[in-house]
Amino acid sequence: DPAGWADVADVLARMKMTRAQLEEAVRTNTKGRLQQEGDRVRACQGHSQANTAVDRDALERSWRVYAGDASLWHGTSLEAIGSIATAGILPVARTHVHLTDDPASKVGKRAAVAWLLEIDPIRVRAAGLGIFVAPNGVILTRAVPPECIVGARAMTKRAVADEAEVRARLGLAR
């Protein structure tokens, strides 16, 4: 369905697995991404936009609204900084950008994190974008405009070496 739910019987038939195997997968998923309620199951976040019936509005209605005003964080690579400075943080092939309220968290970080970008949720909402929390605790928004990025933390030696340039590209004071 548009919020990502599928009938358990359909999933079992398609995946050629038992209900016990599915329940084990839901229970042991390290990111807590899988959610099961009765006879339906879904990935509660992390959906691709391509070849899917999932709708962003329906997903957002199934999540809790994030009302916090403290900084949020998004991990990214040095290579992405140029496009982020111009267009902001975009979900690319996904439905939403992943964020976290804890800079030590793995959530909101890509595999090769050179930079943690600090996001002002008040500015995100002022830009007309909602911020949500999926059932597994991941904080999500459709995009982060460049003006909502208010800080950056270098996470690698190379990032530290490029800090002045990156801060200048993002329009951030030292």
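The values are calculated or read from the model by the stated rules, or taken from the named source; none is laboratory data. As the structure is a computational prediction, the values presented were derived from the model and not from experiment. Please note: Cβ atoms are built from the backbone with ideal geometry, for glycine as well, and neighbour counts cover all protein chains shown. Areas reflect the complete protein model, heavy atoms only, side chains present, ligands, DNA and RNA absent. Shrake-Rupley method; radii C 1.70, N 1.55, O 1.52, S 1.80 Å.
List of remarks:
- Rolling a 1.4 angstrom probe over the protein heavy atoms with all chains in place gives the chain an accessible area of 54 Å² per residue.
- Sum of -39500 (n - 2.57) over DSSP H runs of 4+, divided by residues of the chain (222 nm, nearest 500): -7500 deg cm²/dmol
- One Cα centroid belongs to region 157-174, the other to region 52-87; the line between them spans 22 Å.
- Note on region 28-85: Cα convex hull, mean projected area over all directions, 6.9 nm².
- Only Cα sites of the chain enter the Debye sum here, all with the same form factor; the resulting log10 I(q)/I(0) across q = 0.09, 0.16, 0.19 1/Å is -0.35, -0.94, -1.20, listed in q order.
- Nonlocal amide H pairs with Arg40, under 5 Å, H built at 1.01 Å: Val8
- Ordering of 140-152, 161-173, 74-86 by burial proxy (mean other Cβ atoms within 10 Å per residue, highest first): 140-152, 74-86, 161-173
- Whole-Hz Karplus values for region 146-154 come out as x, 5, 8, 8, 10, x, 8, 10, 6 Hz, taken residue by residue from phi with 6.51 cos²θ - 1.76 cosθ + 1.60 and θ = phi - 60°; glycine and proline positions read x.
- FRET efficiency for Arg19 and Ala104, using Cβ-Cβ distance with R0 set to 45 Å, rounded to 0.05: 0.80
- Solvent-accessible area, 1.4 Å probe, carbon plus sulfur percent, for region 14-155: 51
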